[in-house]
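The values are calculated or read from the model by the stated rules, or taken from the named source; none is laboratory data. Please read these numbers as outputs of a predicted model, since none were measured by experiment. So basically every Cβ, Gly included, is an ideal-geometry build from the backbone, and we count neighbours across all protein chains shown. When the accessible area is computed, the model is the full protein with side chains, heavy atoms only, and any ligands, DNA or RNA have been set aside. Shrake-Rupley method; radii C 1.70, N 1.55, O 1.52, S 1.80 Å.
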Amino acid sequence: GCTSLTQAPVLPATTLAINCYSNMFSGCTSLTQAPALPATTLASNCYYQMFQGCTRLTQAPALPATTLRGYCYYSMFYNCTSLTQAPALPATTLGYSCYQAMFSSCTSLAQAPALPATTLANYCYFGMFIGCTSLTKAPTLPATALANSCYARMFQGCTSLTQAPALPATTLVDYCYYNMFTGCTSLTQAPAVPGTTLASSCYQYMFQGCTSLTQAPALPAMTLADSCYQYMFQGCTSLIK
């Protein structure tokens, strides 16, 4: 392993290739500073799990790309338990699973970056902040064009999250909000869920285990879909009946 590596090499490339930096510093528990990553032309899996388990890394490098590729940032900072600040994420063109689990288990991360994209990709934010127990506020989520599993598990286990973002989409897709806020035990208010065109499992487990939630949102849809509301409020022991 690379547990003694304290300094990363310079990585000057601006056009990347598939898997080029995948797992490059995975498990480098002594690494305190990431190298600059100036690339603006990404490739599938390019930064896949790049800094996974770098438990002493406190700051992420700038990520200037505006067009993403499949799995490009997948689990990039997974289990970086000292990371306190996320980089800006200016991308508006997303890719399949591009941000999936990017900051999973970053237990010191207190603030999420802005997420400006309005058209999403399948699994794009899946589990992005799962287990971020210091995260108190969610980013604004302006998208109205959703994709399969786009927000699934996004904030699962964010036990300090007190406020959920607005969710303006009215046409939903399969598993779009699946487990989105599961285990968010500090969440006291649910966002409005104006969806009228539902899809399979769209709200399934959405607020499961949100023990501080006192009121359920209105559910205006007249036409339902398979498993659409299944377990949506399971374990919400404070819901006013």
*Working only within the range 193-215, note down all residues that are over 15 Å from CYS176 (Cα atoms) and either in contact (Cβ under 8 Å) with a residue 60 or more places away in the chain or open to solvent by 50 Å² or more (accessible area, probe 1.4 Å) (or both).*
THR211, THR214, GLN215
*Could you list, in sequence order, all residues of the range 96-120 that are within 15 Å of GLY157 (Cβ to Cβ) and of a type in the set (Phe, Trp, Tyr)?*
PHE103
*Residue list for the range 120-150, restricted to those being among the hydroxyl-bearing types (Ser, Thr, Tyr) and under 19 Å from GLN189 (Cβ atoms)*: THR136, THR140
_Could you check the range 1-26 and list, in sequence order, the residues that are within 21 Å of ASN79 (Cβ to Cβ) and modelled with pLDDT of 95 or more?_
ASN19, TYR21, SER22, ASN23, MET24, PHE25, SER26
*Can you tell me which of THR92, THR107, THR81 is farther than 15 Å from CYS132 by Cβ and of a type outside the set (Asp, Glu)?*
THR92
*Select, from CYS150, CYS176, CYS132, the only residue that is of a type outside the set (Lys, Arg), under 16 Å from PHE77 (Cβ atoms), open to solvent by less than 50 Å² (accessible area, probe 1.4 Å) and in contact with a Leu (Cβ under 6 Å, 6 or more places away or on another chain).*
CYS132
*Restricting attention to the range 73-90, does a residue exist that is modelled with pLDDT of 95 or more, touching a strand residue (DSSP E or B) at 6+ places or on another chain (Cβ under 8 Å), in a loop (DSSP other than H, G, I, E, B) and loosely packed, with under 14 Cβ neighbours inside 10 Å?*
no
*Go through (1) within 26 Å of GLN100 (Cα to Cα); (2) open to solvent by 20 Å² or more (accessible area, probe 1.4 Å) one by one and return the number of the condition THR223 breaks.*
(1)
*Only one of PHE155, PHE233 is open to solvent by less than 60 Å² (accessible area, probe 1.4 Å), closer than 17 Å to PHE126 by Cα, free of Cβ contacts under 8 Å to residues at least 60 places away in the same chain and in a loop (DSSP other than H, G, I, E, B); which?*
PHE155
